[in-house]
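To start, the structure itself, in structure tokens.
Bear in mind that the values in this text are calculations on the coordinates, not laboratory data. Please read all numbers here as calculations on a predicted model, not as lab measurements. Using ideal geometry, Cβ is built from the backbone for each residue, glycine included, and neighbour counts are taken over all protein chains shown.
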Amino acid sequence: MATYPSVLQTVIDTTDARAAAEFYRQLLGYVYRTGHETPDPAGDDWLVVHDAGGRHRLAFQQVDQLTPSTWPDGAVPQQLHLDMTVPSVEELLIQHDRVLALGGRMIFDRFEDPEEPLRVYGDLDGHPFCIFVG
């Protein structure tokens, strides 16, 4: 019988690991991995956040430079993005305000689509992520 690896977490490159981790921690209601809660005086070059059940979800790796995606213009592709869902249009509006308050920006709006309302945002480093009703 074959065995398969399992995905532990998705790692996101960022020019400010603490800010990126905090953005997604607040947006998704995650918590820091034990020992990652407070800034490290030696530097925060690797941070992990997980869900309430303790499952690793996202990690943030500090890099010196990062060229933000220009999606939907194809000059610099997304390379990877996160899809997130909410149960209703009303909740999408609430999350829209939260994303903007946390420092994200909307880069594509398909809110009026009757079959699948969605909005695409850029995080603090410009990584695209979608929130849609599903």
For this session: Choose one of 127, 52, 29: the residue whose Cα lies farthest towards the positive end of the charge dipole of the chain (beta-carbon charges +1 Lys, Arg; -1 Asp, Glu; about the Cα centre).
Result: 52
For this session: Give me the net charge of residue 30's neighbourhood, meaning all other residues with Cβ under 13 Å from the Cβ of residue 30; Lys, Arg count +1, Asp, Glu -1.
Result: +1
For this session: Using the number of other C-beta atoms within 10 angstrom as an exposure proxy, rank 67, 14, 85 with the fewest first.
Result: 67, 85, 14
For this session: Provide the percentage of antiparallel DSSP beta bridges, counting only those with both residues in region 10-62; round to the nearest 5.
Result: 60 percent
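To check you understand DSSP bridge types, tell me what percent of the beta bridges within the chain (both residues inside) are antiparallel, rounded to 5. Don't jump to the answer; show the numbers that get you there.
Numbers: 17 of 27 bridges.
Here the share of antiparallel DSSP bridges comes out near 65 percent.
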Exercise. How far, in degrees from 0 to 90, does helix 17-28 lean away from the longest principal axis of the Cα atoms of the chain, to the nearest 10?
Worked result: 50 degrees
For this session: Any chance you could give the angle, 0 to 90 degrees and rounded to 10, that helix 89-101 forms with the longest Cα principal axis of the chain?
Result: 50 degrees
Seminar exercise, completed: For region 60-67, in residue order, the Karplus 3J(HN,Hα) values (coefficients 6.51, -1.76, 1.60; θ = phi - 60°; whole Hz; Gly and Pro = x) are 10, 10, 5, 10, 6, 9, 8, 8
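Which order do 97, 125 fall in if you start with the one that has the fewest other Cβ atoms within 10 Å?
Ranked by crowding around the Cβ, least crowded first: 97, 125.
How do 84, 1 rank when sorted from fewest to most other Cβ atoms within 10 Å of their own Cβ? Let's see the in-between values first.
Details: 84 16, 1 2.
Listing 84, 1 from fewest to most nearby Cβ atoms yields 1, 84.
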